[in-house]
Amino acid sequence: MDQNISHIEHATPVIRMLDDAAANRIAAGEVIERPASAVKELVENALDAGARRVDVDILDGGKTLLRVRDDGCGIPADQLGLAVARHATSKTDGHDLMQITSFGFRGEALASLGAAGRLRLSSRAAGADEAMMIRVEGGQIAPLTPVALKSGTVVELSDLFYATPARLKFLRTDRAETQAIMDVIKRLAMAEPDVSFTLRQMQGEGAARVLLDYPAQAGDFFDARLGRLRQVMGGEFAQNAMPIDAERDGMRLTGFASLPTYSRGNAQAQYLFVNGRPVRDRMLLSALRAAYGDVMSRDRFPVAALYLAVDLDRVDINVHPAKAEVRFRDAGIVRGLIIGAIKQALLGHGHQSATTIGAGLLGAAQAQGAVPQAAFYQASYARAGHGGAGARAAAYQAQAPQAAPGGFGFDLPQHHSKEAPEVQREAHPQAHPLGAAVAQIHETYIIAQTAEGFVLVDQHAAHERLVYERLKAGFYAREVLPAQALLLPEIVEMGQEASAFLLEEEIAQALAQLGLQIEPFGGGAICVRATPALLGEVNAARLLADIADELMSPENEATSETLRARMDAVLSRMSCHGSIRSGRRMRLEEMNALLREMEATPLSGQCNHGRPTYITLDLPAIERLFGRV
Ligand code: ADP
Ligand code: MG
């Protein structure tokens, strides 16, 4: 061993040409990162071949098999060998890389796929007598064989990365890989509205589940595109989006961007296209964020599908093998165009975004309420005989009153007399840490008198927190939480990806446990039969969209593998929906019940977003305010 190493150190290095197989393996590392990148290359090839229809089948998240079938122009038999060779392309002569309008041009996708997995390319060019197939395995090309195929091209890639086990290890769960494939197809489908796309998940014995089905859209380009956006993003987006159409210095930006009130918890639903090519460009994403800067809090993300058209020679797409990033000759102008166009549109929809502006201001407030909290939690725990974090769950359960169907738990004070007898025993509610309710002002705030001063409670924020804690307690105790059946089941358009995801057994069951009962309705829609009673009346569509976002967010996928581990975030989102809106008049008993429940609930001092649920002012402070001391 040692001898070998010293031998290598002292030998004169020899430079040699790598053989094709080795060169392809190296290139494959860059081009084919995961099954979704293979799908991207193959679907792009189909589109470059003028396909009107592209069908994708996958098995095990594309790891075991992926197949892309198209009805494009096909490849003549005598060129199949070239098609799988590296740096062989029909799309450019390599002369002017700034004038390329096809998706592909580097001529390395098929060669890379042949090095990364077992590749079969079958094709029949228009007018050819028969179809032929070429096979490549581990970079070795097998002789052509005839196959049955009427027209177009079928590419099958099996056992991706079988030869590079190191790569295999980096792949995520089948679900995550499937999601990435869906994302690729959605983006390309949004770029090519007049092409039909399907994605099916093979399930053995010939059965398959349709994950995406986007029939071609007719009409002029803009109508077709709007139709496709509805298919991909769901009808709700279309209703909550502002049309964008702006021009500057010969560049044009069109598409749709959401109202500030229609936002997501991650940037997944931001789709950007440059000259018809889906891109994930950091500069473009940051321009989008900047455009919404003062109407959206930093943890929310607008939904958008924006299409930028610029002269070919003002943008370089050949920055990276996957061509996801682009480089603009005048990035500043592009940024200005995006920000200007969206701000203009936002101004036109000012009244619609006003509520969110208010929420943003609120977010700037400091969580003063959190300070005195600790003291009274300890007090209430001590009273109940609990201590330590382990006793938490038990405490939650003991203190979480059952919700009356159709109402909020504390609407009816008698619930509390059952659950928390000490409330009744106390003769002076003022003796409670949060005091006795005196009045509600602006139908938004509760004023309560305490022994040392008064507290001002934000009823909406407080209720949100309480609902969250109750959902959590119930969910982790594996209770089935009360559901409120809807008089008329509500049909919610989600888009196929999100609906398929929510309807997965494990997820649908977890939601049912929370009282949210959903069923498939077909065509990317979900039928909602019941909503969690704890939430009262809710907007089912918004609720489902938020849950899907939270569950599907890639950040969550990365940090936690199990559904249960992602549920906290989901519960927090859900509780925002059920909260008593500001502007709801409350009776004195209701207010007191709310205060008592806050006292009994850990962490009730701030809402789920970290804003205070109440602030206190004690007499000395009030006296100082009036200059009495
Ligand atoms: P590129 O797309 O960059 O040219 P590829 O390796 O992806 O490189 O494909 C090589 C060539 O094979 C393409 O230029 C094209 O001529 C041909 N080809 C690949 N896929 C298809 C297809 N689905 N239909 C027709 N021709 C195809
Ligand atoms: Mg290609």
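The values are calculated or read from the model by the stated rules, or taken from the named source; none is laboratory data. What you are looking at is a predicted structure, and each value in this text was computed from that prediction instead of being measured. Methodologically, a virtual Cβ is constructed for each residue, glycine included, from the backbone with ideal geometry; neighbour enumeration extends over all protein chains shown.
Quick check on Pro278: is it assigned to a strand (DSSP E or B) and either of a type outside the set (Phe, Trp, Tyr) or buried (at least 20 other Cβ atoms within 10 Å of the Cβ) (or both)?
In short, yes.
Given the structure, is Val438 modelled with pLDDT of 50 or more, under 13 Å from Asn592 (Cα atoms), surrounded by fewer than 17 Cβ atoms within 10 Å (Cβ to Cβ) and not acidic (Asp, Glu)? So Val438 fits the description; yes. Contact annotation: residue pairs with Cβ atoms under 8 Å, 6 or more positions apart or on different chains, pairing a residue in region 518-539 that is at positive phi with a partner that is of a type in the set (Val, Ile, Thr) and buried (at least 16 other Cβ atoms within 10 Å of the Cβ), are Gly536/Ile580. Going through region 508-537 one residue at a time, which ones are closer than 22 Å to Gly235 by Cβ, under 21 Å from the mean Cα position of the chain (by Cα) and outside any strand (DSSP E or B)? Matches in region 508-537: Ala508, Leu511, Leu516, Gly523, Gly524. Looking at region 83-109, which of its residues are in a helix (DSSP H, G or I) and either modelled with pLDDT of 95 or more or within 11 Å of ligand 2 (Cβ to nearest atom) (or both)? Within region 83-109, Ala83, Ala109 qualify. The set of residues from region 511-529 being farther than 18 Å from Tyr214 by Cα, surrounded by fewer than 19 Cβ atoms within 10 Å (Cβ to Cβ) and of a type in the set (A, V, I, L, M, F, W, C) comprises Ala512, Cys527.
Checked against (1) more than 16 Å from ligand 2 (Cβ to nearest atom); (2) in contact with a strand residue (DSSP E or B) (Cβ under 6 Å, 6 or more places away or on another chain); (3) not in a strand (DSSP E or B), Arg120 passes all but condition (3).
Just name the residue that is surrounded by the fewest Cβ atoms within 10 Å (Cβ to Cβ) out of those in region 43-69 that are away from ligand 2 (no atom under 12 Å from the Cβ) and under 21 Å from Phe105 (Cα atoms). Looking at residues that are away from ligand 2 (no atom under 12 Å from the Cβ) and under 21 Å from Phe105 (Cα atoms), I get Gly50.
Here are the criteria: (1) among the small types (Gly, Ala, Ser); (2) out of contact with any strand residue (DSSP E or B) (no Cβ under 7 Å at 6 or more places or on another chain); (3) at positive phi. Tell me which single one Ser286 does not satisfy. Going through (1) among the small types (Gly, Ala, Ser); (2) out of contact with any strand residue (DSSP E or B) (no Cβ under 7 Å at 6 or more places or on another chain); (3) at positive phi one by one, Ser286 breaks only (3). Lys169 meets all of the listed conditions (1) in a helix (DSSP H, G or I); (2) away from ligand 2 (no atom under 16 Å from the Cβ); (3) surrounded by 15 or more Cβ atoms within 10 Å (Cβ to Cβ) but one, namely (3).
Taking region 479-493 as the range and being part of a strand (DSSP E or B) and either under 15 Å from Pro532 (Cβ atoms) or touching a helix residue (DSSP H, G or I) at 6+ places or on another chain (Cβ under 8 Å) (or both) as the test, the residues that pass are Ala483, Gln484, Ala485, Leu486, Glu490, Val492, Glu493.
Can you find a residue in region 19-29 that is away from ligand 2 (no atom under 14 Å from the Cβ) and under 30 Å from Arg314 (Cβ atoms)? Looking through region 19-29, none of the residues is away from ligand 2 (no atom under 14 Å from the Cβ) and under 30 Å from Arg314 (Cβ atoms).
Restricted to region 71-82, and to residues that are assigned to a helix (DSSP H, G or I) and crowded, with 18+ Cβ neighbours inside 10 Å, which residue is nearest to ligand 2 (Cβ to nearest atom)?
The initial filter retains those residues of region 71-82 that are assigned to a helix (DSSP H, G or I), namely 77-82.
Next cut, crowded, with 18+ Cβ neighbours inside 10 Å only: 77, 80.
Working: Ala77: 19, Leu80: 15 Å.
Filtering region 71-82 for residues that are assigned to a helix (DSSP H, G or I) and crowded, with 18+ Cβ neighbours inside 10 Å, the one nearest to ligand 2 (Cβ to nearest atom) comes out as Leu80.
From Asp245, Asp174, Asp194, Asp159, which residue is acidic (Asp, Glu) and either farther than 30 Å from Leu119 by Cα or out of contact with any Lys or Arg (no Cβ under 9 Å at 6 or more places or on another chain) (or both)? Step through it out loud before you land on a result.
On the way: Asp174 fails: either farther than 30 Å from Leu119 by Cα or out of contact with any Lys or Arg (no Cβ under 9 Å at 6 or more places or on another chain) (or both); Asp194 fails: either farther than 30 Å from Leu119 by Cα or out of contact with any Lys or Arg (no Cβ under 9 Å at 6 or more places or on another chain) (or both); Asp159 fails: either farther than 30 Å from Leu119 by Cα or out of contact with any Lys or Arg (no Cβ under 9 Å at 6 or more places or on another chain) (or both).
After ruling out the rest, the residue left standing is Asp245.
Looking across region 136-153, the residues that are farther than 20 Å from Ala27 by Cβ and surrounded by fewer than 20 Cβ atoms within 10 Å (Cβ to Cβ) come down to Ala142, Pro143, Leu144, Thr145, Pro146, Val147, Ala148, Leu149, Lys150, Ser151.
Among residues of region 197-231 being among the small types (Gly, Ala, Ser) and closer than 26 Å to Lys63 by Cβ, the one that is surrounded by the most Cβ atoms within 10 Å (Cβ to Cβ) is Ala208. Just one of the listed residues (Asp93, Asp129) is farther than 24 Å from Glu33 by Cβ, surrounded by fewer than 16 Cβ atoms within 10 Å (Cβ to Cβ) and away from ligand 1 (no atom under 12 Å from the Cβ), and it is Asp129.
Okay, residues lined up against (1) under 30 Å from Leu511 (Cβ atoms); (2) modelled with pLDDT under 85:
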site	(1), (2)
Asn592	no, no
Leu595	no, no
Leu603	yes, yes
Pro612	no, yes
Thr616	no, yes
Pro620	no, yes
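Taking each residue of region 98-113 that is farther than 11 Å from Arg25 by Cα and looking for partners that are at pLDDT below 90 and near ligand 1 (Cβ under 7 Å from one of its atoms) with beta-carbon atoms closer than 6 Å, six or more apart or interchain, yields Ser102/Lys91; Gly104/Lys91; Phe105/Lys91; Gly107/Ala88.
Let's see how each residue does on (1) in contact (Cβ under 8 Å) with a residue 12 or more places away in the chain; (2) within 15 Å of Phe161 (Cβ to Cβ); (3) within 13 Å of ligand 1 (Cβ to nearest atom); (4) touching a helix residue (DSSP H, G or I) at 6+ places or on another chain (Cβ under 9 Å):
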| position | (1), (2), (3), (4) |
| --- | --- |
| Ala28 | yes, yes, yes, yes |
| Glu33 | yes, yes, no, yes |
| Leu42 | yes, no, yes, yes |
| Asp57 | yes, no, no, no |
| Arg69 | yes, no, yes, yes |
| Val84 | yes, no, yes, yes |
